[in-house]
1. Students often check this: by mean Cβ neighbours within 10 Å, which of 148-156, 69-77 ranks highest, and how do the rest follow?
2. If packing is taken as the mean number of other Cβ atoms within 10 Å per residue, what is the order of 57-63, 161-167, highest first?
3. In nm, what is the difference between 0.36 nm times the number of residues separating ALA164 and THR44 and their Cα-Cα distance?
4. Using 0.36 nm per residue, how much length does the chain from ARG107 to ILE56 gain when fully extended, once their Cα-Cα distance is taken away?
5. So if the hydrodynamic radius of region 32-177 is defined as the Kirkwood radius over C-alpha pairs, what does Stokes-Einstein give as its diffusion coefficient at 25 °C and 0.890 mPa s, in µm² per second?
6. Students often check this: by mean Cβ neighbours within 10 Å, which of 84-90, 101-107 ranks highest, and how do the rest follow?
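Here, each number is a calculation from the coordinates, and none is a lab measurement. Note that this is a predicted model, so its numbers are computed, not measured. Heads up, the Cβs are rebuilt from the backbone with ideal geometry, glycines too, and the neighbour counts pull from every protein chain shown.
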Amino acid sequence: MELPCTQFSRDHYVGRTLLVFALLWAAALQPAVGQSCRITDLGTLPGGAFSTAYGINSHGDVVGEATTASGASHAFLFDDGVMTDLGTLPLAAPFEPFSQARAINDRGQVVGNSNTGSGARSHAFLFDDGVMVDLGPFPGGIFEIARGINDRGQIVGGLTTASASHAALCTLTRKPR
């Protein structure tokens, strides 16, 4: 036979435990202070049906990829409420045009990758002063994709050689054109 106070303590403990779990569950459903945000729909390129963003700089400029009216995916820059098509690198037929912007620095330099039709999947590019420059070919391989750029203009991404794929750091020695 149990003492009445032992039964009361056990029931009280179970009740308090259930109350704590209920409060934690309810708190998890509510956003924490400072976690709410305002979502902005950046839209698509004219006639396109898809877009996604990959990078943003401290000025709020956004880069990514979006489909065009023809269905091709192109790199874009979203600045001051306008989505601009950055185009693709020159393409050899019969390859499909494709590009994506992956990062932007505070100087407005954009990096990403684009099809070229040269046998590789893609080449890394730098978009600077309104011009997309192919960074891909180098002795012994191809700089395939650029994923980040800092304010010094150093670019990180991936390269391929005949036998391997590696992380890469591209330090520009002169302004490309």
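1. Top of the packing list down: 69-77, 148-156.
2. Going from most to least packed, we get 57-63, 161-167.
3. Computed gain between ALA164 and THR44 is 39.6 nm.
4. Values: separation 51, 0.36 × 51 = 18.36 nm, distance 1.19 nm.
That works out to 17.2 nm of additional length.
5. Rounded, D is 156 µm²/s.
6. Peptide ranking by packing, descending: 101-107, 84-90.
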